[in-house]
Amino acid sequence: MRTQVAIVGAGPAGLLLSHLLSLRGVDSVVVENRSREYVEARIRAGVLEQDTVDLLVKSGLGDRLTAAGLRHDGIHLQWPGERHRIDFHALTGRSVWVYGQTEVVKDLLAVRADAVHFEVSGTALHDVDTDRPRLSFVDREGAPRVVEADVVVGADGFHGISRPTVPHALRHTWERDYPYGWLGVLAEVPPSTDELIYAWHPDGFAMHSMRSPRLSRLYLQVDRAERIEDWSDDRIWDALATRLGLDGWTLRTGPIVDKGITPMRSFVSTPMRHGRLFLVGDAAHIVPPTGAKGLNLAVADVAVLTEALDAFFTERRTDLLDGYEERALRRVWRSTHFSWWMTSMLHRSGDELDAQLQLAQLRYVCSSTAAATSLAENYVGLPHDTGR
Ligand code: RFL
Ligand code: PHB
């Protein structure tokens, strides 16, 4: 097989890149080691930045998003006895959208599934430091296949094979594993709030998010080593009611249809480019979910790389490809800082000095327009810088 861009991974980053390239007349092939059903059912992110939404709408993926997505103009920050609203729209003129990553992936597969080889195994990249890189894999029927390309893109997430293709001696990583994780549940119950609630509590952080007017998404800070089997539905609802509790407000409960525990880490790996290999999304960086940045960062990488590949294939220009890593990393580090900051402000560390510092910071953010604006402009997302 021969293509212009060979992409490893059919998550949001790989699928969106393939879609945007096809709109520019650039061919691509995507390989994915899971099934289409698995990829479409994976529950993850829920909040899209304004620029993410604008890009999806501009590329023809706006129908379901504008019909079913929920525009949110702010969030609530809370600690025992107090709940405060941060008004994004008043502070920045921008908003975010609640629309599940699952739905984004479904919308992308509706237009790009034909470009994807699902359920492959043994994916490997070859000769990425030449101008004839190759991707090899074994297809669903067990047949060995090779794709020859001009460029290969690693969009295969944190556990993929693309990042380790960069020689170890050239790689630099920065990493922090947090001592806690998030227990997340999806529940068939109308949200008990109009906007997301991020709650600091002596028992640990809790959050109330949503997926639709009938589906709530809720999270609890738990110990990293905690086992989901030890959390019955009743125990989860009790903890959520305690940590999110506020006089005059009631948490509605309902059947839990999905639950799981996710570890939390900050991770950045460079280089994001090695020869003709480019890394996008979670393949190159991970943020803790507290700032809702992971999916949006993956989309921002893809926006920058799309322009660079378009300039390369249509004008034979290499300057935007050469600038990809620097441009992408500037946003990666900003988002890495913001999500670390939100995480550090809201999660119990067990240290009493930390607790007082967190409460002081929360009170400051909720009473100073300057501090609230800083949170708001990071949360809604800084504008994409593609170099065009
Ligand atoms: P993905 O989604 O991990 O997709 C990678 C794809 O590559 C496939 N793959 C391979 N394919 C072929 N050969 C191989 N050797 C392969 N190895 C892997 C995988 O099967 C998969 O299909 O990475 P991508 O596309 O970079 O997208 C990143 C986002 O998924 C991620 O950043 C977000 O989900 C993070 N995140 C959130 N981000 C937000 O912007 N807002 C949020 O509100 C938010 N909440 C979250 C989150 C992530 C969470 N978890 C579970 C990690 C909440 C949670 C709980
Ligand atoms: C979610 O709805 O899954 C969600 C929302 C906001 C976050 C993280 C996750 O910060």
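Every read-out reported here was derived from the displayed coordinates using simple, explicitly stated rules and does not represent laboratory data. Here the structure is a predicted model, which means the values were calculated and not measured. When we count neighbours, we look across all protein chains shown, and the Cβ atoms used for this are built from the backbone with ideal geometry, even at glycine.
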Taking the stretch 198-226 only, how many residues are more than 17 Å from GLY46 (Cα to Cα), more than 15 Å from ligand 1 (Cβ to nearest atom) and free of Cβ contacts under 8 Å to residues at least 60 places away in the same chain? 2
Based on what the data block shows, is SER349 surrounded by fewer than 24 Cβ atoms within 10 Å (Cβ to Cβ) and either of a type outside the set (S, T, N, Q) or part of a helix (DSSP H, G or I) (or both)? no
Would you call VAL153 surrounded by 14 or more Cβ atoms within 10 Å (Cβ to Cβ), in a strand (DSSP E or B) and in contact (Cβ under 8 Å) with a residue 60 or more places away in the chain? yes
Across the stretch 216-234, what is the total count of residues that are of a type in the set (Asp, Glu) and either within 11 Å of GLY181 (Cβ to Cβ) or touching a helix residue (DSSP H, G or I) at 6+ places or on another chain (Cβ under 8 Å) (or both)? 2
Would you tally the residues in the stretch 286-341 being within 16 Å of ligand 2 (Cβ to nearest atom) and within 17 Å of LEU48 (Cβ to Cβ)? 15
When every residue in the stretch 292-317 that is polar (S, T, N, Q) and touching a helix residue (DSSP H, G or I) at 6+ places or on another chain (Cβ under 6 Å) is compared, the one nearest to ILE7 (Cα to Cα) is THR306
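Each row is one residue, and each column tells you yes or no for (1) in contact (Cβ under 8 Å) with a residue 12 or more places away in the chain; (2) more than 10 Å from ligand 1 (Cβ to nearest atom); (3) farther than 30 Å from SER368 by Cβ; (4) crowded, with 19+ Cβ neighbours inside 10 Å.
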position: GLU37; (1), (2), (3), (4): no, yes, yes, no
position: ILE43; (1), (2), (3), (4): yes, no, yes, no
position: VAL53; (1), (2), (3), (4): yes, yes, no, yes
position: ARG64; (1), (2), (3), (4): yes, yes, yes, no
position: ILE86; (1), (2), (3), (4): yes, yes, no, yes
position: ALA115; (1), (2), (3), (4): yes, yes, yes, yes
position: GLU119; (1), (2), (3), (4): yes, no, yes, no
position: PHE137; (1), (2), (3), (4): yes, no, yes, yes
When the stretch 265-314 is checked residue by residue, the ones that are part of a helix (DSSP H, G or I), more than 9 Å from ligand 1 (Cβ to nearest atom) and closer than 15 Å to VAL151 by Cβ are VAL304, LEU305, THR306, GLU307, ALA308, LEU309, ASP310, ALA311, PHE312, PHE313, THR314
Is it the case, given these coordinates, that ASP127 is acidic (Asp, Glu), closer than 17 Å to ALA45 by Cα and touching a strand residue (DSSP E or B) at 6+ places or on another chain (Cβ under 7 Å)? no
Residues that are under 19 Å from THR242 (Cα atoms) and either touching a Lys or Arg at 6+ places or on another chain (Cβ under 9 Å) or small (Gly, Ala, Ser) (or both), drawn from the stretch 214-227: SER216, ARG217, LEU220, GLN221
